[in-house]
Structures are given as C-alpha cells and as structure tokens.
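Report on the structure given below.
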Amino acid sequence: MKELKKLSILNTKPVNYLDQPLFLGEGLSIQRYDQCKYEIFLDLFKKQLEFFWRPEEINLTKDRADFKKLSESEQFIFTSNLKFQTMMDSVIARGIPCITQYVSSPELEVCLNIQSGFENLHSYSYTYLMQNVFSNPSEVMDSILEDKEILARAKSVTASFDKLNRTIKDENDLRSQIYLTLVNMNVLEAVRFYVSFACALAFDQNKKMCGNAQIIKLIRRDEGVHMFISQNIIKILRENKSEGFQGVIASLEKEAIQIFLDAAEEEKAWA
C-alpha cells in the first residue's frame with residue numbers, strides 16, 4: 001500500500017506544469033497561467049467570468065402575485081424544485097474543494113474555484129427567490145432537510161463527496177473516488193438539474209413565475225459550462241495514459257454507467 005503524500009499549501013520547489021497530470025502530481029506552486037497544459041480549462045474559467053450576474057437584476061414583483069394565484073399542486077411543484085436546487089447547489093459549492101485539494105494543474109484549479117463561486121451564487125439566488133415570493137421564506141428553508149424525497153435524491157452525490165473527505169490511504173482507491181465523484185458531478189449538471197429547470201420553464205410558457213424563469217435561464221447557462229468542465233476532465237482522464245486513471249476508469253465502467261441510469265430513474269420518478 002502506497003502512502004499518500006501530504007502536500008503543502010504552497011510548493012516552494014519549481015514545478016513544470018506542462019509535465020503535470022490534472023490530479024495527484026506535484027503540489028501546486030505559483031498560480032500561473034502563461035503556460036497551460038490544458039488550455040480548455042483556462043478558457044472555461046474566462047467564460048464563467050464573462051457570465052457573471054446577480055439575481056437582484058431580476059424583478060420578482062409579478063412572481064409574488066403569480067404564486068398566490070397558483071393552484072395548490074402548482075405551488076407544491078414550484079416550492080419543491082426550489083428546495084431541491086438549494087440543497088444541491090449547497091452540496092456542489094462545498095463539494096468542489098474536496099476535489100481541488102488533489103488538483104495539480106493551475107488552470108483546472110482556477111476553473112473549479114470559480115465554478116464553486118458560481119454554485120454559491122446559485123444557492124444565493126434561490127434564497128433571493130424565496131424572499132421575494134414566499135410570505136415566510138425561512139419556514140420554507142427550514143423544511144428542506146425534512147423532505148425525505150429531496151434527501152434521497154441528494155444521497156448519491158453527497159456520499160461521493162463525503163468519501164473524498166475521509167482518510168484514503170491507497171492511491172488507487174483515491175483515484176477511483178475522484179473519478180466517481182466527477183461522474184456524480186457530471187450527472188448532477190447534465191441530468192438532475194434539468195428536471196427542475198424544465199418545470200421552471202413550463203411555468204414561464206404559461207406566463208407564470210416569469211422572473212423565476214429568467215433566473216433559472218441564467219443558472220442553466222452556467223450549468224451548461226459546468227457540465228462541459230466535468231466532461232472535459234473525464235475525457236482527458238480516459239484518453240491520456242499519463243494521467244494515471246485509465247485502469248481505474250476501465251474497472252469502474254459499469255458503476256459509472258449505473259450512476260447515470262439510477263439518476264435518470266430517480267428524476268423520472270420525481271417528475
């Protein structure tokens with residue numbers, strides 16, 4: 001069993017990042033972007049900066065009036081989606097640093113760091129929505145952790161990040177967990193969020209809760225970039241032998257596919 005290296009917050013030895021893998025290489029030294037091994041992640045960092053927005057830009061006055069006119073079932077759907085989205089953006093924003101602690105690429109580090117910031121922006125946006133739509137938003141927020149169906153949908157994602165936070169002594173086991181966590185991130189951004197997005201856009205098509213839909217469209221645009229980030233990481237790990245993940249990925253192929261299938265079934269049941 002190979003003992004894992006404990007890395008300093010700043011590696012003071014010179015590092016040639018062009019020779020480093022995305023994960024589990026030399027400890028990160030200076031944050032520099034003049035020489036990038038994988039330019040795609042610096043491009044995706046810049047793209048996220050271009051997309052920056054604030055929820056206060058959207059007027060939700062009509063949404064507050066619309067919500068009162070919704071049927072009981074419509075109010076349930078709208079509220080449940082908001083609660084689920086709040087929980088999952090809380091998870092992903094806090095979970096990304098669990099992955100970045102193993103990153104050895106400056107361009108991937110900065111790309112994931114800004115992604116985590118955007119996930120915080122999304123969860124803040126849901127609070128903004130609740131404060132402008134519900135008469136007692138704190139009551140809605142307090143009920144999120146009491147919703148067993150939402151907790152069940154979140155279980156596989158939270159479990160993946162939790163395992164990365166536990167002590168893993170074997171590097172092969174660590175590579176496996178990093179990969180499965182990336183798969184769960186990709187599933188969240190490519191599958192799970194889109195059921196909730198579809199509901200928000202359906203309200204908009206019926207001329208209801210249109211301000212909410214404007215915010216969701218901005219979040220959906222962000223999540224499209226985030227999905228592309230996780231897809232590119234997985235693609236690089238699959239195709240480049242020097243990354244050291246090919247054997248692990250091959251052994252976990254059935255498990256990775258099952259993660260997608262389980263997510264699809266859970267989301268269909270929820271919908």
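The values are calculated or read from the model by the stated rules, or taken from the named source; none is laboratory data. Worth saying up front: this structure is predicted, and the values here are computed from it rather than measured. A quick note on method: Cβ atoms are made from the backbone with ideal geometry, for glycine too, and the neighbour counts reach across all protein chains shown. Surface areas here come from the heavy atoms of the whole protein model, side chains and all, with no ligands, DNA or RNA. Shrake-Rupley method; radii C 1.70, N 1.55, O 1.52, S 1.80 Å.
Structure values in brief
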| item | result |
| --- | --- |
| Any pair with Cβ under 8 angstrom, 6 or more apart, that starts in the stretch 191-207 at a residue that is of a type in the set (D, E) and ends at one that is crowded, with 16+ Cβ neighbours inside 10 Å | D204/C210; D204/N212; D204/A213 |
| Helices (runs of 4 or more DSSP H) contained in the stretch 189-271 and holding at least 1 residues of a type in the set (A, V, I, L, M) and under 26 Å from E56 (Cα atoms) | 193-205, 210-239 |
| Residues of the stretch 177-195 that turn out to be open to solvent by less than 10 Å² (accessible area, probe 1.4 Å) and farther than 13 Å from H226 by Cβ, as a count | 4 |
| Qualifying residues in the stretch 57-72 (those that are open to solvent by 70 Å² or more (accessible area, probe 1.4 Å) and outside any loop (DSSP other than H, G, I, E, B)) - the one nearest to W270 (Cα to Cα) | E72 |
| Test: residue in the stretch 106-120 that is in contact (Cβ under 8 Å) with a residue 60 or more places away in the chain, touching a strand residue (DSSP E or B) at 6+ places or on another chain (Cβ under 6 Å) and open to solvent by 10 Å² or more (accessible area, probe 1.4 Å) | yes |
| Verdict on D63 being among the acidic types (D, E) and closer than 17 Å to I216 by Cβ | yes |
